[in-house]
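The values are calculated or read from the model by the stated rules, or taken from the named source; none is laboratory data. Just so you know, these numbers come straight off a predicted model, no measurement behind them. In this analysis, Cβ positions are derived from the backbone assuming ideal geometry, glycine residues included, and neighbour counts consider all displayed protein chains.
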Amino acid sequence: MIRIAFDIGGTFTDFVLHDAGREVLRVGKIPTTPQHLETAVLEGFDAILAAHEVAPAAVTTLLHATTIATNAILERKGNRTALLTTEGFRDVLIIGRQKRYDTNNMHLDKPAPLIARRHIFEANERVAADGSVVAPLEAASLERAIAALKAGDYEAVAIAFLHAYANPAHETAARRAIEAALPGVAVSVSHEVSPKFREYERTNTTVANAYVRRIVDRYLAKLTDALGRRGFRSSLYIMQSNGGLVTPELAQAFPVRIVESGPAAGVLMCAAVGREEGLEHVLTFDMGGTTAKLGAVDEGEPAITQTFEVDGIDNRRYSGLPLNVPAVELVEIGAGGGSVAVADRGLIKVGPESSGADPGPICYGRGGKRPTITDANLVLGYLDPDWFLGGAMKLDPQSARAGIEAQVARPLGLGVDEAAWGIHSVANSNMERAMRIVSIERGRDPRRYAMVAFGGAGPLHAARLARTLGVPKVIVPVGAGVGSAIGLLTADAKIDVSITRIVAVEAEQIPTIRSIFADLEARTAPDLANLATGGAVRWRRGAYMRYQGQGYEIRVELPLGEIGADFAAVAVAAFETAYKTVYGYADSGARVEAIDWFLVATIAGLGERGATVRQLIGQGGATGSGRTSRRAYFPEAGGFVDAAVVDRYALKPGERVRGPALIEERESTTVLLPGDMAHVTENGHLLIDILGG
Amino acid sequence: MTRTTGDIDAITLSVLWNSLLSIAEEMGTALRRTAFSEAVREGDDFSTGIFDGRGRLIAQGNFTPGHLGAMPYVIENVLKFHTPESLKPGDAILLNDSFLGGGHFPDFFLTSPVFRDGRLIGYAVTTAHQVDMGGAAPGSQRVQGISEAYQEGLRILPIRIVREGRFDEDLMRMILGNVRVPTKVRGDLMAQLNANHVCAERLNRMYDAYGEDTMARTIDALLDRSERETRAIIAKLPPGRFEFEDYLDDSGPGTNPIKVKVAVTVGDGEVEIDFTGSGGTVQAALNSYINYTRAYGVFATRCLTQANLPNNEGSFRPIKVKAEEGSFFNPRFPAASGGRAAVQIRIFDAVNGAFAKCIPHRAMGAFSHWANPNIGGVDPKTGKPFIMYDMLLGGYGGRSDKDGVEAMSPVMNCSNIPVEVIEHTNPVRIERFELIPDSGGAGTYRGGCGIRKDVRVLADEAVLTLLGDRHKFAPYGVFGGGEAAKGQSIVYSGNEAKELGSKEVAVLKRDDVVSLRTSGAGGYGPASKRDPKRIEQDIADGYVTEEGARRVYGRAE
């Protein structure tokens, strides 16, 4: 069985080919072709297949992570989309939740809604919180809305009526009428996209789904067409934000679920690396060009959140648009190689502003004028100016120094080296704050976790980050530069459904609870049929529960099987155990209610767990910079010292390196601090024991 | 870490400042996660602060400005009752007095001394808005008919409620015996103590890592630099005395408007905000105690002048706020003050109006005033009492280069409560929640629209308590920008419609509909200079009607 995973990012498209029979894993990386994404894909496929000496027809499965949906949202370049909502509530999407993302700034703007007010129409109807109909859907108002939709020449329509999660009848009727009147228009309805209460979040999620639908349709059609013409007969699967794969048909129906496609695959890779190394608690640290993304794997499972914000600023709540979509939990902050450093009122500030990949840091020599984290890392000697991306790109240390001197050092009365160190340190302390949120603030003791660091800049900062948080081990995996693509190889197919039903968890409600889970099962049935992989289905179910009167719920896993008379008691006990874990105490005796109910179906078989990155060993292909040492800045050793430069691919399993050292590979450099020890494991990963500090 | 000699370098300063902020934020997370009340969990109505051993504010979390600005004065007051020498490890001091504290009884300030090897190195302070402190009405914020603080519930002068890390159960019993929701009050107090613990732990770890000498010099340097930078920013402002005058509607039906008069004096790197000449103390629970007046006066100044970093004593020093003793903005105890939150936006509006003459590019038209209504009664389905607590948040005034933001929380930072959540927990139906076209003040840059929410009562009887404003005095525009439409509160009962005052209390019957309509926000610059394209966009989006465009912008038919 030959599989190819490919991850299209903003700058690069990454490829990994896995041949289970020959036990070979190959990687590739080529620049993304933004205008015609499939061009780079085909080019990359050609190259990797040529290297492996097989024809396209031999490839059984293609696994894909894409930023196509995300980019449409970030750039507000989605479909021409309209929203139909309940009369009197036209402005739900415009009003939002209204909180400023920075209390101390009264001059900021709200995140721009995906569509303008002129594209929002109303229909006269009303359903109450319990699902009863207060006012039927008025035919005349629907006809008026349809006339407006026709006149507006829309590609996609979202329908979000109040309390539609409790009774979808009006949304269903409106959809039927719109589809009949406007053939070819893609209609998304809130009770299918996100059957959860809280109207703003549900409406926004539904609008986002409509907004990217045709874009994803067109993209996938072009891609499959191009692949078919090239002779591929493989089945294609798309990564969702929840870390599970689905067929293109499902991704097209609910494209909002693939917004965090690439980052989710990255966390899966970390989980797989943890499994290989026997570490089931992992903090994930992905630092790229514009942001750093931090996540967690608990007991081998990536942490999942039911809602997240897209297009936010520096992980500040309310700065982005909320999506009710299960997603791998990630904290994202504006700290990447391209993040800009400034002297601001006597202090050094780094990010969230970024020079991105273009023009990029000053040292890229592409017109960047503002000093960045990468410029600082170059000045500090962590990067080799002649061996960036394996020498494919030359860096200019002189202009990096000059930029840091003029814009950071001089205004603050520092030397250039000191200022560069300051930029590096401040970036670390920003990431430390984010990592504290992921770890300590969410009940994870960093001393029990290992950190998996990847992305171009992750390995440069990982060891220091680990030190300040007390993380004992850092792993820089093989193929860290194509982390998300490797993660795809380890993924399963997964269907995730949930619904809001506010129910007291008590014995009298057993019939209600049974019908809720029956409903959820019915909702998964068509999706499972579509996936039809033949693999065994693994089920999980549960509810988000709270003490009656509280405002926040916690996730509680509930037992499978027959829902018997004691199910409510079992559920309450499970809730109280979970509550105690989070808050340290439980208020036994108080009434417990469930808000959202969920069901997850995972189908093994796509991602062979047997596919390990071990098979990559010896395929690095890079020859190393040929240097043996370089001056680099380690303040604990007294400043600039001679640090050993080690070619990662030349290291044999078990061979040890003591810091200070710089361990180089094509896509990144690992900074090893004085006192720390690194070695390559049997599986080929670079493992650092944090001993110093 | 970098070794330092003499002055603290910018790197150490930057990294330690980041760490202090992260402690203040982590305190906030601990408090939010373990709190019981909706105000804390949903409304983020709490704050955190770190003080040094000398009682100087070093850092705060990004939370409620009213608490943050009051905190330094509260600590000063606490230390007058409990001298630093008398404090022991594991102590915590509680206070909620409206004069010594945050301006009304629901604000609980809990101060824990932080010790290291037996020596006092600082204080951890948290503030949380408790949902009830007893008194005349649930929530302890009723305005009408409250003439002195003793009607507003339990008053706590600084007491040592925690010793050796444990709550004094006698004091606790006394407090909980006086409030309507003892479980929530106890839960929130415990959450405050948790947060203070987090601060003590992490501050000690910072001292371990950097040493006392570096920490002491860093704190001095931080405060000095913050003060220096703040003064430098203020020094660049045009000096002078800038005045502004406006009126609050009243303090309840049948009462007089309250004058809001402010003089802003800029010069010598300092700003003075002087409310002299404003109205006197009122016989209703609306008075703004000096700590509250100061908090929002300073907040407005820092936002407008951009002297808003970092939040510590140094940056507070150059900004002074004063008001005559015995006046509305500086009442003497026992003036009633439960509903003083209705005033915060107006403090900002007044300071903004004065600064408009000094820094026109930073000023804005006046805000939509918020509405903070309560509807309470008995839920016919459960037979139990309900309180529908709501916040209507309108638009921002026009700015020097942009229209005002639509529908964003002004000044104090809250989120709205979703319609679907309100309807799940209260016997009401929301019939409308939308922007009001043509309500924003016209201008080169238009003010945001007002917001309307119509609520149908589904209980047999309910009491409506309004806490709003701008029903009589419209939000102003600046530099020729138009004023906004005024707010209205209307009760529809059968075929009758009755307008209510902005702070009125009314009894509603089943199927009555109360229509709450906030004012719009003021415009910036003359309407005649508005880009015609913007007018057409507004009409397309329905923020302005064609008729409205003809009226205020002179658009041709």
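Some values worked out for this structure:
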read-out: Identity of the residue in the range A:413-424, in contact with a Ser or Thr (Cβ under 9 Å, 6 or more places away or on another chain) and in contact (Cβ under 8 Å) with a residue 24 or more places away in the chain, that ends up surrounded by the most Cβ atoms within 10 Å (Cβ to Cβ); value: A:Ile423
read-out: Options B:Lys529, B:Lys498: the member that is within 16 Å of B:Lys402 (Cβ to Cβ), out of contact with any His (no Cβ under 7 Å at 6 or more places or on another chain) and of a type in the set (D, E, K, R); value: B:Lys529
read-out: Out of A:Val41, A:Val16, A:Val54, sole residue that is β-branched (Val, Ile, Thr), in a loop (DSSP other than H, G, I, E, B) and either surrounded by 15 or more Cβ atoms within 10 Å (Cβ to Cβ) or modelled with pLDDT of 90 or more (or both); value: A:Val54
read-out: Unmet requirement for A:Gly262, which otherwise passes all of (1) of a type outside the set (Val, Ile, Thr); (2) on the phi > 0 side of the Ramachandran plot; (3) crowded, with 24+ Cβ neighbours inside 10 Å; value: (2)
read-out: Of the criteria (1) of a type in the set (Val, Ile, Thr); (2) out of contact with any strand residue (DSSP E or B) (no Cβ under 8 Å at 6 or more places or on another chain); (3) crowded, with 18+ Cβ neighbours inside 10 Å, which one A:Ile73 fails; value: (2)
read-out: Residue that is nearest to the other protein chains (Cβ to nearest Cβ), among those in the range A:108-144 that are free of Cβ contacts under 8 Å to residues at least 24 places away in the same chain and part of a strand (DSSP E or B); value: A:Val134
read-out: Among the residues listed as A:Gly278, A:Gly266, A:Gly312, the single one being at pLDDT below 90 and either in a strand (DSSP E or B) or assigned by TED's automatic domain parsing to the domain that holds A:Val482 (or both); value: A:Gly312
read-out: Single condition B:Asn426 does not satisfy, out of (1) more than 10 Å from chain A (Cβ to nearest Cβ); (2) modelled with pLDDT under 95; (3) touching a strand residue (DSSP E or B) at 6+ places or on another chain (Cβ under 6 Å); value: (1)
read-out: Count of residues meeting criterion [closer than 21 Å to A:Gly288 by Cα and either more than 14 Å from every other protein chain (Cβ to nearest Cβ) or in contact with a helix residue (DSSP H, G or I) (Cβ under 8 Å, 6 or more places away or on another chain) (or both)] in the range A:304-333; value: 13
read-out: Filter result for A:Ala82 (away from every other protein chain (no Cβ under 11 Å), crowded, with 21+ Cβ neighbours inside 10 Å and part of a strand (DSSP E or B)); value: yes
read-out: Restricting the range A:425-456 to residues that are within 15 Å of A:Pro371 (Cα to Cα) and among the aliphatic types (A, V, I, L, M), the residue that is surrounded by the fewest Cβ atoms within 10 Å (Cβ to Cβ); value: A:Val426
read-out: Sole residue being modelled with pLDDT under 95, away from every other protein chain (no Cβ under 14 Å) and in contact with a strand residue (DSSP E or B) (Cβ under 9 Å, 6 or more places away or on another chain), chosen from B:Gly254, B:Gly277, B:Gly267; value: B:Gly267
read-out: Filter result for B:Pro89 (surrounded by fewer than 23 Cβ atoms within 10 Å (Cβ to Cβ) and either away from every other protein chain (no Cβ under 14 Å) or modelled with pLDDT under 95 (or both)); value: yes
read-out: Close pairs (6 angstrom Cβ cut-off, 6 or more residues apart or separate chains): at the interface with chain A (Cβ under 10 Å from one of its Cβ atoms) and buried (at least 18 other Cβ atoms within 10 Å of the Cβ) in the range B:379-406, among the basic types (Lys, Arg) and in a strand (DSSP E or B) anywhere; value: B:Leu392/B:Lys453
read-out: Selection count where residues are closer than 12 Å to B:Leu100 by Cβ and either exposed (fewer than 12 other Cβ atoms within 10 Å of the Cβ) or free of Cβ contacts under 8 Å to residues at least 24 places away in the same chain (or both), scope the range B:67-86; value: 2
read-out: Among (1) without any contact (Cβ under 8 Å) to a residue 12 or more places away in the chain; (2) within 14 Å of chain B (Cβ to nearest Cβ) - the single one A:Tyr579 does not satisfy; value: (1)
read-out: Any chance A:Ile348 is at pLDDT below 95 and either in a strand (DSSP E or B) or over 30 Å from A:Ile73 (Cα atoms) (or both); value: yes
read-out: Condition check for B:Ala10: free of Cβ contacts under 8 Å to residues at least 60 places away in the same chain and either of a type in the set (S, T, N, Q) or crowded, with 24+ Cβ neighbours inside 10 Å (or both); value: yes
read-out: The range B:145-184: number of residues that are surrounded by 15 or more Cβ atoms within 10 Å (Cβ to Cβ), in contact (Cβ under 8 Å) with a residue 12 or more places away in the chain and touching a Pro at 6+ places or on another chain (Cβ under 7 Å); value: 2
read-out: Selection count where residues are in contact (Cβ under 8 Å) with a residue 40 or more places away in the chain and closer than 14 Å to B:Glu406 by Cα, scope the range A:89-107; value: 7
read-out: Residue that is nearest to the chain's Cα centre (by Cα) [pool: residues in the range B:19-72 that are of a type in the set (Asp, Glu) and more than 9 Å from every other protein chain (Cβ to nearest Cβ)]; value: B:Asp45
read-out: The listed residue being away from chain B (no Cβ under 13 Å), surrounded by 20 or more Cβ atoms within 10 Å (Cβ to Cβ) and not in a helix (DSSP H, G or I), out of A:Tyr154, A:Tyr101, A:Tyr165; value: A:Tyr154
read-out: Total residues in the range B:231-254, condition under 24 Å from the mean Cα position of the chain (by Cα) and among the charged types (D, E, K, R); value: 5
read-out: Any hit, the range A:381-399, residues being touching a helix residue (DSSP H, G or I) at 6+ places or on another chain (Cβ under 7 Å), crowded, with 19+ Cβ neighbours inside 10 Å and under 23 Å from B:Leu16 (Cα atoms); value: no
read-out: Among (1) buried (at least 24 other Cβ atoms within 10 Å of the Cβ); (2) touching a residue at least 40 places away in the same chain (Cβ under 8 Å); (3) within 14 Å of chain A (Cβ to nearest Cβ) - the single one B:Phe433 does not satisfy; value: (2)
read-out: Conditions (1) modelled with pLDDT under 95; (2) part of a strand (DSSP E or B); number of the one not met by A:Val187; value: (1)
read-out: Matching residues in the range B:407-423 - criterion: being on the phi > 0 side of the Ramachandran plot and either among the polar types (S, T, N, Q) or at the interface with chain A (Cβ under 7 Å from one of its Cβ atoms) (or both); value: B:Ala407
